[in-house]
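The values are calculated or read from the model by the stated rules, or taken from the named source; none is laboratory data. Please read all numbers here as calculations on a predicted model, not as lab measurements. Methodologically, a virtual Cβ is constructed for each residue, glycine included, from the backbone with ideal geometry; neighbour enumeration extends over all protein chains shown. For accessibility, only protein heavy atoms count, side chains too; no ligands or nucleic acids. Shrake-Rupley method; radii C 1.70, N 1.55, O 1.52, S 1.80 Å.
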Amino acid sequence: MSHRSWDTLPLDTSIGALEGTSFLAAADRDNHVVGSVLRPRTATSSARFVETLTTRGGSSGRRSREVNPGLSLAALCALLGVAPMSAIALPAVDWLNVSTDSVRAGEKFWRLPTLLDRVPTPQNRLEQCRARVEAVKQSYGRLRGDLVYRIENAALFDPDAPLTRQFETALVLWEDVDATTPDSEMLRRAGMVEVTFDTARAAAETVGLAHLPETTRGDADRAAKAARLARATDVDAERAIATDRVAGILRRLDLPYLPDPTVLDRALTRG
């Protein structure tokens, strides 16, 4: 069976099924095994020859051994003193070019920390999912701070809008995720944050000012135009007049999901 470089390898994969494959199995950044499963040394041998670079507690060492092809990848690592959480296939490792902190795999040299970043260990996966959710939060924050956008696409900031409510629920569910959360659930919740945000944003941009009560739409449109003028002008007096106009309209509209009319100056610098 062939394994493509960087594919995740199930830990119960037999050594026999990994013949011709190099791998990296990791418990964490200080405990991991780089290995290659080679063909039997003789035509009559049933054992597989395995080259390994094992790191335990941050200290590394090379070893070569023959093993039963029915042994699992997890069991092989256990024999070497590592209890891996995840493993990936590597480009073919050149064992003439291996040191305690780097290996030649495929056409290039790799530092072990760089290779470890590719292994979907629970901690790595949590960090990756956190980064995905944080990117959504930052995008949402930028839009929320954009005065014109917030007026013209108010549904994204209205918790009573069904799609926005789904996005906020996804954020709440994400807050319960930690290192003990199963990988599948962690990935599902991060994905839900992304999907519900994209959906809520698209819907808000589609409906635009029509989300507002009909009697307020004209005023909201005028507020957005005044905000654009305040943002575009370099004349202080014009900016002050336009900002006061926006504030006055927002006070009159008095909708909780529209910008706070008392803190407009900073919002007018965004967008």
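Annotations for the structure displayed:
- 222 nm mean residue ellipticity, helices alone, for the chain (DSSP H n ≥ 4; -39,500 (n - 2.57); rounded to 500): -13500 deg cm²/dmol
- Cα-centred dipole magnitude for the range 32-158, charges only on beta-carbon of K, R (+1) and D, E (-1), debye, nearest 20: 320
- Phi-based couplings in Hz for the range 98-103 (Karplus 6.51, -1.76, 1.60; Gly and Pro marked x): 10, 10, 6, 10, 7, 9
- With contacts taken as Cα pairs under 8 Å and at least 6 residues apart, the chain reaches a relative contact order of 15 percent.
- The per residue volume of the convex hull around the alpha-carbon atoms of the chain is 173 Å³.
- Counted charge near ILE88, where neighbours are those whose Cβ lies closer than 13 Å (Asp, Glu -1; Lys, Arg +1): +1
- When each of the peptides 155-167, 219-231 is scored by the mean number of other C-beta atoms lying within 10 Å of its residues, the order from highest to lowest reads 219-231, 155-167.
- For the range 27-111: rounded, prolate or oblate by the Cα gyration tensor [a/c cutoff 1.5]: oblate
- Mean Kyte hydropathy of -1.0 or more with a Cα span along the axis of at least 30 Å, helices from DSSP in the chain: 183-207
- Amide hydrogen neighbours beyond the local backbone of ASN153, cut-off 5 Å, H modeled: none
- Listed peptides 46-56, 236-246 appear in the order 46-56, 236-246 once ranked by packing, highest mean of other Cβ atoms within 10 Å at the front.
- Exposure rank, largest accessible area first [THR8, THR180; 1.4 Å]: THR180, THR8
- Solvent-accessible surface (1.4 angstrom probe) belonging to TRP6, in square angstrom, nearest 10: 80
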